[in-house]
Amino acid sequence: MEVLLLFFFIVNSIAFILGGYDKYLAVRHKSRISENTLFAAALFGGSIGLLLAMLFFRHKTGKYSFIIKFTIIFLAQLVLFYLKLDPEI
């Protein structure tokens, strides 16, 4: 269990840093991190970190296509988490 918590801490930290770095690059009009990379970080367990980065850095909050795709990933993870915790399923 400790290894799993460490994994999620690391993945969420990476997702948060990626979100912040992408915002940094956007402000400076540099080559950006692809949305697929951000989605991959969220998909592999970094959705909380990416959500916090979106809120903290105010990044990608106005891009509705990104928010819809991110919400689908986040809700799917919530359902899987619920199914994992429910002993009757």
Could you tell me which residue of region 53-65 is nearest to Phe16 (Cα to Cα), considering only residues that are modelled with pLDDT of 95 or more and surrounded by 16 or more Cβ atoms within 10 Å (Cβ to Cβ)?
Ala53
Just to be sure, is Ile68 modelled with pLDDT of 95 or more and open to solvent by less than 60 Å² (accessible area, probe 1.4 Å)?
no
Listed residues Phe70, Phe66; which is under 27 Å from Leu4 (Cβ atoms), of a type outside the set (A, V, I, L, M) and within 16 Å of the chain's Cα centre (by Cα)?
Phe70
Please give the number of the condition His29 fails out of (1) at pLDDT 95 or above; (2) surrounded by 10 or more Cβ atoms within 10 Å (Cβ to Cβ).
(2)
Right, Lys30: among the basic types (Lys, Arg), part of a helix (DSSP H, G or I) and without any contact (Cβ under 8 Å) to a residue 40 or more places away in the chain or not?
no
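The values are calculated or read from the model by the stated rules, or taken from the named source; none is laboratory data. Every value quoted in this text rests on a predicted model; they were computed, and no experiment measured them. Virtual Cβ from ideal backbone geometry, glycine too; neighbours counted across all protein chains shown. Protein only, heavy atoms only, side chains kept; ligands, DNA and RNA dropped before computing areas. Shrake-Rupley method; radii C 1.70, N 1.55, O 1.52, S 1.80 Å.
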